[in-house]
1. Can you tell me the dipole magnitude for the chain around its Cα centre, using point charges on the Cβ only (Lys, Arg +1; Asp, Glu -1), in Debye to the nearest 20?
2. Using a 1.4 Å probe and ignoring any ligands, DNA or RNA, find the accessible area of E705 and quote it in Å² to the nearest 10.
3. If r is the Cβ-Cβ distance from L449 to W581 and R0 is 51 Å, what FRET efficiency results, to the nearest 0.05?
4. If packing is taken as the average number of other Cβ atoms within 10 Å across a peptide's residues, how do 576-588, 228-240 rank, most packed first?
5. Counting each DSSP H run of 4 or more residues in the chain as -39500 (n - 2.57), what helix-only mean residue ellipticity at 222 nm follows after dividing by all residues, to the nearest 500 deg cm²/dmol?
6. Just to confirm, what accessible area per residue do you get for the chain at 1.4 Å probe, in whole Å²?
7. Pairs to check: K640/K660; K381/K411; K614/K660. Give those whose C-alpha atoms are more than 24 Å from each other in this structure.
8. Could you tell me how many degrees, from 0 to 90 and to the nearest 10, lie between the Cα long axis of helix 296-307 and the main elongation axis, the longest principal axis, of the Cα atoms of the chain?
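The values are calculated or read from the model by the stated rules, or taken from the named source; none is laboratory data. As the structure is a prediction and not an experimental result, all values here were calculated from the model. Virtual Cβ from ideal backbone geometry, glycine too; neighbours counted across all protein chains shown. Just so you know, the surface numbers come from the protein's heavy atoms only, side chains and all, with ligands and any DNA or RNA stripped out. Shrake-Rupley method; radii C 1.70, N 1.55, O 1.52, S 1.80 Å.
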Amino acid sequence: MAIPFAVLFWVNTFIARWQSIRNVLFFSDETLVAQRFVVWIIWGVGALLAWIIGMAASSDWLLFLRYLNQHAFDLMDPIFNRDVSFYVFSVPVFRFIQSWLVVSLFLSLIGTVAIYALAQQNNLAEGRIIVLPHVQLHLSVIGALIFLTFALDHWLDLFDLMYSERGVAYGASYTDVHVSMPALWVMVVVALVTAAILLLNTLIRRPSLSLMAIFVWVLAGVIGAGFIPGIIQRYIVEPNELAREAPFIESNISLTNMAYGLDGIQDRDFTEIEPLTEEAVIANDNFLKNIRLWDYRPLERTYQQIQAIRLYYQFHNIDFDRYQVNDELRQVAISARELNKEALQSRTWVTERLQFTHGYGVVANPVNEVTREGLPQLWIKDLPPESTVNIEVNQPEIYYGETTDDYVFVKTSEREFNYPSGEQNVFTNYDGTGGVALDTFLKRIAFALRLADTNMLLSQEFTNDSRVMFYRNIQQRVNRIAPFLQYDQDPYILVGEDGHLYWLQDAYTTSDRFPYAEPSVFPHDQPRLRINYIRNSVKVLIDAYDGSLTFFVTDTKDPLIQSYQAIFPELFTPMSEMPDWVRDHIRYPEEIFRIQSELYRTYHMRDVNVFYNKEDLWQIPRENFAGETVFVEPYYVMLKLPGSEETEFVLIQPFTPNNKDNLIGWMAARSDGENYGQLVTYRFPKQELIFGPLQIEGRIDQDPEISSQISLWDQGGSQVIRGNLLVLPIDNSLLYVEPLYLQAENGQIPELKRVILASGDKIVMRTTLAEALVALFEGLDEGELPTTVSNTPSPVDEADLSTDAVPSDDSSSASPSSQVNLADKDVAELAQMASDHYEAARQALRQGDWTTYGRELDQMEAVLNTLVQLTRQQQP
């Protein structure tokens with residue numbers, strides 16, 4: 001756009017100069033000499049302005065490519081009956097051209113006036129302004145062109161009414177359609193008439209007529225576009241708002257659901273809530289094997305403490321996925337061990353650029369298994385990675401990751417640090433094709449300038465095989481390649497069937513030009529973009545070793561991705577070419593699900609009257625976590641959806657009524673096979689009270705046994721961390737699961753110590769999931785549970801909680817009640833024993849001896865239970 005502007009500017013200014021010289025008789029000789037120097041100023045100013053406009057317009061190149069390669073949405077807007085593609089692809093280009101024309105013509109007008117003013121500087125010095133006929137003609141033509149662009153602007157404003165925020169719902173309202181739209185058409189006509197009068201003025205030479213036309217245009221804008229619509233909205237529409245706005249609200253509901261993919265939701269009634277039975281529990285054995293006991297927040301800290309191995313390793317976040325283990329589909333928590341160079345003891349150019357170049361390996365654990373010490377049962381761990389299941393990591397090096405923000409050099413004569421092994425270090429040499437080859441000294445010079453790194457030229461470590469790796473942060477990397485896509489904030493690591501590590505990054509096509517669709521922000525946690533259309537159309541597979549990327553198209557029906565495929569045919573790969581092992585790990589992304597869930601709170605109301613009155617408005621429920629009340633985040637679980645025959649990997653979000661805490665429904669996003677991307681909602685009966693997460697939290701706090709145990713831990717100086725409270729549907733019943741973690745006052749490792757289960761009116765807390773299930777269903781035998789549930793080691797040494805005896809594994813450290821019959825003790829003796837156990841537990845806590853701590857608490861519990869029974873027996 002720089003060249004067209006330069007041409008337009010120079011044509012007008014050189015015409016003005018030529019006209020000024022042509023009328024030299026009117027001017028002095030000094031003025032004529034000054035005019036000859038003006039040519040250099042014209043060339044310079046025109047070039048500078050063209051460069052500025054070109055730079056400003058350079059970021060909009062994609063608008064024109066999308067316009068030339070647009071695809072229809074096959075959906076018409078309700079006002080102008082135009083396909084949505086007109087708003088998404090065409091209007092932005094028209095608006096860009098109109099804005100460019102206005103800026104270019106105004107700058108040309110300013111330059112032209114400056115030339116004419118310079119030509120008669122003597123007259124201006126004497127206080128005279130003489131507008132010659134040729135000046136009037138020239139300025140009138142430019143003015144007419146400017147008003148033609150104003151007419152185009154008013155015409156485009158008609159379509160911008162599709163994004164009006166004047167009415168009850170987003171989009172063109174009653175006032176917009178019946179008042180603003182006619183007013184804009186009047187503005188179009190007035191602007192065209194003004195342009196015609198300006199041209200006519202070149203013949204009749206009556207400036208007053210042109211000024212009158214401009215005044216009428218301004219007046220029409222003030223009254224028609226501002227004053228009258230406000231009056232109509234306040235005194236005509238608002239007193240009869242529902243009747244006036246009903247068809248426009250209906251358009252907003254319909255098009256918002258289409259824009260966010262909510263129109264395809266399968267809406268089901270969860271009408272018959274039944275008590276959870278032991279038969280249902282036993283029948284859903286695969287579900288029990290995948291109940292998530294590990295919340296990602298404490299688990300991340302646990303990983304950092306027990307598997308970072310060295311200070312310079314870090315786990316950025318925990319991801320949840322599923323893997324086929326021993327012919328069973330199991331949900332797994334997994335995280336990459338990446339390099340944190342800020343923690344290096346010696347930070348030199350050699351260590352940061354040549355030696356410490358990559359992270360190493362992953363850590364993974366099943367979500368429902370716990371060790372005796374309350375730690376995750378790790379399936380993949382240590383350095384080099386050791387696996388206890390059929391998930392093998394053969395190439396653990398991570399050169400491209402979530403925190404790799406710097407550049408490094410590989411295949412140099414300096415050996416790369418691979419991983420620590422005892423007091424020694426293991427080194428390696430890169431054997432891939434990642435990065436750019438530095439096979440000539442000229443390339444080294446070029447990259448030294450680009451990276452501002454003079455050590456590249458001074459170092460003797462480079463060889464002809466050396467390579468430089470940059471843009472290693474995977475989000476930065478995909479953004480450099482496809483900046484027109486928006487990216488999910490949570491890419492996740494995969495262990496491939498070849499034993500290599502890969503990242504899977506979800507990408508979205510978005511627009512803010514979908515008619516009538518309610519706007520949202522993206523991403524949810526750090527809003528930087530306003531959108532009202534989104535599709536998860538692309539998934540990017542990134543090799544953690546060489547950084548190679550494959551952009552798989554997952555939604556071929558999306559017109560935006562169809563346009564991008566036409567523009568960049570070599571960039572995208574069809575979903576049909578995605579390897580089966582990758583397809584087994586794709587999951588519905590959390591970012592789009594959060595946006596859809598947030599909108600569905602309101603837009604599940606399809607009836608106009610209900611929507612207008614917000615009679616059935618929902619909200620995201622709340623729960624307690626780490627001493628704070630927070631909103632329940634969507635969570636990945638494996639379960640069998642009601643009415644489905646297979647256990648599947650889904651993303652769940654519960655809902656409660658607005659300003660209430662009981663459950664009203666929940667949404668699930670499916671991730672497996674042909675059901676990928678299908679949204680399903682289940683509505684609970686409104687006449688029944690279905691406990692929500694915060695209500696269950698309240699019932700937990702009111703349970704004397706649970707609350708006293710939590711208080712006891714808190715008094716002992718430990719921090720009790722209440723994990724994510726999961727609401728899990730089983731057939732037509734609900735099971736609530738909340739893990740409890742304990743962290744020592746000066747400790748850094750949260751340990752899972754208890755599992756709380758709730759169903760119906762019953763709440764239990766036990767040391768393991770199996771024990772909690774047995775306690776929840778008194779007729780359930782632990783042997784009937786799946787082995788991965790029943791054989792889960794207890795977080796503490798198993799203690800007999802009966803009133804007869806509390807055996808100890810270590811007789812040498814037996815505590816007061818470990819080898820005695822509690823039934824033989826009186827109240828005073830039992831009270832003293834309870835106090836002794838409490839003191840022993842506190843001492844163990846201070847020493848960080850969790851085994852003894854847990855045993856003492858269990859023995860104290862047994863003593864207190866006996867004390868309660870004895871006290872009741874002695875009551876008259």
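1. Details: 64 positive and 112 negative charges, 1227 e Å.
So the magnitude is around 5900 debye.
2. 90 Å²
3. On the way: r = 42 Å, r/R0 = 0.83.
E between L449 and W581, to the nearest 0.05, is 0.75.
4. Working: 576-588: 15.9, 228-240: 14.3.
Highest-to-lowest ranking by the protection proxy: 576-588, 228-240.
5. Details: 26 runs with 342 residues, N = 876.
Calculated from helices alone, the mean residue ellipticity at 222 nm is -12500 deg cm²/dmol.
6. Numbers: 37910 Å² over 876 residues.
Per-residue accessible area for the chain comes out at 43 Å².
7. Numbers: K640/K660 28 Å; K381/K411 28 Å; K614/K660 14 Å.
Correct reply: K640/K660; K381/K411.
8. Tilt of helix 296-307: around 70 degrees.
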